[in-house]
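The values are calculated or read from the model by the stated rules, or taken from the named source; none is laboratory data. As the structure is a computational prediction, the values presented were derived from the model and not from experiment. Backbone-built Cβ (ideal geometry, glycine too); neighbour counts: all protein chains shown.
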Amino acid sequence: MKTIQREWDWWAYHYRVVHRSQIPGIGRWDDELVELIVHVLELKPGDRVLDLACGSGDHARRLAPRGLDVLGVDISPSLVAHCRERAAEQGLAPARFEVGDD
């Protein structure tokens, strides 16, 4: 698994953070997807959410301000570091991000 993690880490970061940020309207699409998730799952403040393969954490960081206890997990250490930095910048203490490689 460590070999996969090492190989994927660079590609994942560049796709999710660099290229994805250049897609016009991606933020609006993310907002709409999160609204759908909250509605379908009937999420309420205090509910726990696990975001597996969280990537750049865009969805987890949109869920946390709703009072949800969010844990994002990804195999890519660089993406998890990015998620943590962005969450800290946004003051999203309830959002946690961990590397999951097993």
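General observations
- Some residue of the range 46-55 being farther than 15 Å from Tyr13 by Cα and of a type in the set (Val, Ile, Thr): yes
- Residues of the range 42-54 satisfying the condition of being under 14 Å from the mean Cα position of the chain (by Cα) and not in a strand (DSSP E or B): Ala53, Cys54
- Among the residues of the range 55-101, the one identified as part of a helix (DSSP H, G or I), crowded, with 23+ Cβ neighbours inside 10 Å and in contact (Cβ under 8 Å) with a residue 60 or more places away in the chain is Leu79.
- Only residues that are free of Cβ contacts under 8 Å to residues at least 12 places away in the same chain and not hydroxyl-bearing (Ser, Thr, Tyr) were counted across the range 7-21, and they come to 5.
- Among (1) at pLDDT below 90; (2) in a helix (DSSP H, G or I); (3) more than 16 Å from Asp101 (Cβ to Cβ); (4) not hydrophobic (A, V, I, L, M, F, W, C) - the single one His39 does not satisfy: (1)
- Looking across the range 10-47 at every residue that is aromatic (Phe, Trp, Tyr) and in contact with a helix residue (DSSP H, G or I) (Cβ under 9 Å, 6 or more places away or on another chain), the one that is farthest from His59 (Cα to Cα) is identified as Trp10.
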